[in-house]
Amino acid sequence: MISQLSWKVGGQQGEGIESTGEIFSIAMARMGYHLYSYRHFSSRIKGGHTNNKIRVSTKPMRAVSDVLDILVAFDQETIDVNAHELREGGVIIADAKFNPKLPDGLKPVRMFAVPLTQIAEELGTSLMKNMVSIGASAAILGMPVESFRNIVEDMFLRKGEKVVEKNMEAIKQGFDFVNNLTGGQLPEFQLDKADGSKRLFMIGNDAVALGALTAGCRFMPAYPITPASEIMEYLIKKLPKFGGTVIQTEDEIAAITMAIGGNYGGVRTMTASAGPGLSLMMEAIGLAGMTETPVVIVDTQRGGPSTGLPTKQEQSDINAMIHGTHGEIPKVVLAPSSVEDCFYDTVEAFNIAEEYQVPVILVTDLTLSLGKSTVEPFDYSRVEIRRGKLLTGQELPEKEQNDLFKRYELTEDGISPRPIPGQKFGLHHVTGVEHDQTGRPSESPINRKQQMDKRMNKLNTLVDRYPNPVLFDAPHEDADVLLVGINSVGGTIQEAKERLEKEGVKVNHAQIRLIHPFPTEVIKPYVEKAKKVIVVENNATGQIANLLKLHVGNAEKIDSILKYDGNPFLPNEVYTQVKGLIKHGDYERVSQ
Amino acid sequence: MATMKEFRNNVKPNWCPGCGDFSVQAAIQRAAANVGLEPEQLAIVSGIGCSGRISGYVNCYGLHGVHGRSLPIAQGLKMANRDLTVIAAGGDGDGFAIGMGHTVHAIRRNMDVTYIVMDNQIYGLTKGQTSPRSAAGFVTKSTPGGSIESAISPVELALSVGATFVAQSFSSDLKGLTELIEKGIQHKGFSLINVFSPCVTYNKVNTYDWFKENIVSVDSLEGYDPHDRIKAMSYSMQYKGLLNGLIYQNTEQKSYEQLVAGFKEEPLAYQDLSLSKEDFDKLVAEFA
């Protein structure tokens, strides 16, 4: 019996690889297993190798696994590209149609050539080969065919009972074929029983979109881009029911400026994009900062620069998010570390944007945005809508003509009351030009300093108020090493940490969730008491490590583990490199 | 009810004496009063340039944004609050150079926004460079040998991308301009009003006198029908884009807001944001 395993299905893009993974995953999730999946795909629609790697486990996992247990191959390329990931004794289920061959130099693995296409065609359509492959997988895992019935019904019942039965038959024949070869289940592939708990199964982008809807976002102007589009696609489906809408704009500049217009009008409005779009939005983000207009921007990071690696993992927009706009504005950058975080942090992004009247960038990375995983059900009672000093619906004190509302009034916390257009006695001016308390342009040096100070000091209370600006798993007072990461890297660090701990290395983990303003005082004690600090990040220049050095100092003990080849870190890579970096130091002492 | 006086404020415009934009300011103030608006029911969103300052010179809600982006901001505001009368305003550089992409798409989208372009065929605030509205051969600081690019015709451009309201006017024709702005505000959809608004400092060619000699009122054209798109296009071409008046209007086409599925009459800005527990549970269940 095993507690976790990795299953991968691969083939040509457009061949149903995603749906095969989906059916397999949902069936496992409904049995109560924890799942974590990662899709390898290219920037094209038909053709090109794609695969979907799914980790099934009896406890939560948030990283791609190092090794593979079962590979389902719809073509030879899938075997050539992925077979080296298989562990010794791993299994390949290959379509007999292409006469599968094992590449040289592989660890001993078992290959079952199953007539996936043939069985499917005999049942009516080659499209059902994915169902046959699922049946074949089930035979390896010792899962009963009937455990797929309920997902098959969800998918096909609207097409009629007959279609359901055909698909169940495809699963059964795939199962029987492999079962005859193996003579029953293989005990080394049998998973421990799952807890049976009901969980959600979703990608980070789903959670962001659901978070936005729950937070009261009712308008989203956006321009399609990988890997952000699912957010707008979800809201396109859902917003009309709640009176809101999505506009697909002509470009990202229109998206962000329309979002600023929506928020100026008093509606919670967001946009979402990736690096190229974020670059285009910079001037307008400055306008939001200068005019103190709340706005939420999601940046799903992908490989840059320029078009870069549009379907691959990277975390290289950090510098751009913090420093991208010209001039100086108050701005918030939030970095959820899990799909759960994506939901709750998105709600919080809207609250912060309105309470502090600032642009808030919610940053994810491709692995988090598109990786599908099981999530504990969201807690409705944790959702709170806080709109700060917004005055919608209130009667404002009467004013004479020319006596404008002090929209930029100097207050103790730097945040001023905010009427919306349409409100009587709320007239004021809004401009990206430096302005006085009523919003009228002013070049007075005294006013300039007052307004700059007002804006720049607004966020002083944020670090203290934000829930878990850094999430710690830091049990050691005298850690050998503090591992630091953001977004999807957190799960990988966690796994590397467990392995290092088993070898006696004292590892603390700090996951930064508020990137800007930087939670200096929160993380400082942990940096100071660690013998070494290693920042694990998907970029080439160590952007997070540089932030840490800038704000916390201790540069001499801060090292980086970097990966920028487009793929997420594997736990083993982090484990090995951490060991390498601490080899000559205290690690030897503790391991003796 | 508000009169034009209520739309005036005490800010002294920083435009040069004689600038065509003063008439546009006055026409907006008159039109707003004539159609029965109160100052808080009007919002002007403007771009950058001399003309972009206009949102601060009318007593109403106003947003002066970034260069070329008045239209998307205005559309975002309109979506947030469809009860507001939203005017977008800016210069020819704002609308036909840096913001051209937004102009074309705002016209296609047909949201109920009135777009007033103060067209002086030159860049004024940066002290005299060429504009996409400058005629071929036009000599400026940036085109010392004369512009070698052709000028855009706002009217033909708008007609070609499906405009439902296209008008053109001239700063000296305050009465006509005021009427066109009123019609534009009342039009249910996007209205483009291109106003020849002479720059007395940097444009010594397209002066008040030049326009008086060259523009042709559509009222002077026998049997002109502003509902005939093909004729509108051909007249505009025939008169080198120098028509004055309501050139085209399509009253059949519904506005964007009217076509958005599920979009309520009550402005989004006034709606309750919270999601009921029941709705939340339904949404979450889709991921189970």
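Quick note: the coordinates plus some simple rules give every number you see, no bench work behind them. Computed from a predicted model, the values in this text were never measured in an experiment. Glycine also receives a Cβ, built like all others from the backbone with ideal geometry; neighbour counts cover every protein chain displayed.
Between exposed GluC sites (Glu not before Pro) in chain B, where DSSP calls loop and at most 13 other Cβ atoms lie within 10 Å, what's the longest gap?
With GluC sites (Glu not before Pro) excluded where exposed in loops, chain B gives B:1-148 as its longest stretch.
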In what sequence do A:MET281, B:MET1 fall when counting other Cβ within 10 Å, fewest first? B:MET1, A:MET281
Mind checking the dipole of the range A:389-467: about its Cα centre, +1 per Lys or Arg Cβ, -1 per Asp or Glu Cβ, Debye to the nearest 20? 220 debye
What net charge is computed for the residues neighbouring A:ASP317, neighbours being all others with C-beta under 10 Å from the C-beta of A:ASP317, Lys and Arg scored +1, Asp and Glu -1? -2
Taking the alpha-carbon set of the range A:305-349, what are its Rg and Dmax in Å? 13.2, 34
Computed E for A:LYS524/A:SER306 - FRET, C-beta separation, R0 51 angstrom, nearest 0.05: 0.90
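Considering only DSSP beta bridges where both residues belong to the range A:469-591, give the percentage that are antiparallel (nearest 5).
Here the antiparallel bridges make up roughly 20 percent for the range A:469-591.
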Sorted by chain and number, the residues with a modelled amide H under 5 Å from that of A:HIS509, at a separation of 5 or more or across chains, are A:ASP473, A:ALA474, A:LEU483
Out of the range A:93-129, which trypsin sites (Lys or Arg not before Pro) are coil in DSSP terms and have no more than 15 other C-beta atoms within 10 Å? A:LYS101
Going 7 Å from the Cα of B:THR126 toward and past its Cβ, which residues in the range B:63-78 have a backbone nitrogen under 18 Å from where you end up? B:65-70
If we count every other residue with Cβ under 9 angstrom of A:LEU35's Cβ, Lys/Arg +1 and Asp/Glu -1, where does the sum land? +3
Restricting to bridges with both residues inside the protein assembly as shown, how much of the DSSP beta-bridge set is antiparallel, in percent to the nearest 5? 30 percent
How long is the gain from A:GLU88 to A:GLN248 if the chain were fully straight, where each residue apart is worth 0.36 nm and the alpha carbon distance is subtracted? 52.7 nm
Just to confirm a number: summing +1 for Lys and Arg and -1 for Asp and Glu over residues other than B:ARG133 whose beta-carbon lies under 9 angstrom from that of B:ARG133, what do you get? -2
Out of the range A:325-368, which GluC sites (Glu not before Pro) are coil in DSSP terms and have no more than 14 other C-beta atoms within 10 Å? A:GLU328
Testing the spin-label approximation: label points 7 Å from Cα along Cα→Cβ at B:GLU149 and B:GLU252. State their distance in nm. 3.7 nm
Put +1 on the Cβ of each Lys and Arg and -1 on the Cβ of each Asp and Glu in the protein assembly as shown; which of A:SER273, B:GLN121, B:TYR235 then has its Cα farthest toward the positive end of the dipole? B:GLN121
If the chain between B:SER142 and B:VAL11 were fully stretched, how many nm would it gain, using 0.36 nm times the residue separation less the Cα-Cα distance? 43.9 nm
If each residue's Cβ is checked for other Cβ atoms within 10 Å, how do A:LYS162, A:LYS506, A:LYS372 rank with the fewest at the top? A:LYS162, A:LYS506, A:LYS372
What does the C-alpha gyration tensor say about the overall shape of the range A:4-198? Classify as rounded when a/c is under 1.5, otherwise prolate if a/b is larger than b/c, or oblate. rounded
A correct fewest-to-most ranking of B:TRP210, B:TRP15 by other Cβ atoms within 10 Å would be B:TRP210, B:TRP15
Run through the range A:442-508 and list the GluC sites (Glu not before Pro) located in a DSSP loop whose Cβ has at most 13 other Cβ atoms within 10 Å. A:GLU443, A:GLU477, A:GLU503
Helical mean residue ellipticity (222 nm; -39500 (n - 2.57) per DSSP H run of 4+; nearest 500) of the protein assembly as shown: -10500 deg cm²/dmol
What FRET efficiency comes out for A:GLU412 versus A:GLU165 if R0 is 60 angstrom and r is the Cβ-Cβ distance? Round to the nearest 0.05. 0.30
Cα-projected label distance for A:LEU102 with A:ASN180, points at 7 Å along beta-carbon direction, nm: 2.3 nm
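What average count of beta carbons from other chains do you get within 10 Å of the Cβ of residues in A:263-273?
Values: counts 3, 11, 16, 7, 11, 4, 4, 0, 1, 0, 0.
The mean count of partner-chain Cβ atoms within 10 Å per residue comes to 5.
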Computed FRET value (nearest 0.05) for B:HIS227 with A:ASN572, which takes r as the C-beta separation and R₀ as 51 Å: 0.10
Starting from the Cα of A:ASN554, step 7 Å along the direction of its Cβ; do the same at A:LYS531; then give the gap between the two resulting points in nm. 1.4 nm
By the Cα gyration tensor axes a ≥ b ≥ c (a/c under 1.5 gives rounded; else a/b larger than b/c gives prolate, otherwise oblate), the shape of the range A:389-467 is oblate
Among B:VAL45, B:ALA97, B:CYS60, the residue whose Cα sits farthest towards the positive end of the charge dipole of chain B, when +1 is placed on the Cβ of each Lys and Arg and -1 on the Cβ of each Asp and Glu, is B:ALA97
Tensor-based shape of the range B:1-116 (alpha-carbon gyration tensor, a/c under 1.5 rounded, otherwise prolate or oblate): oblate
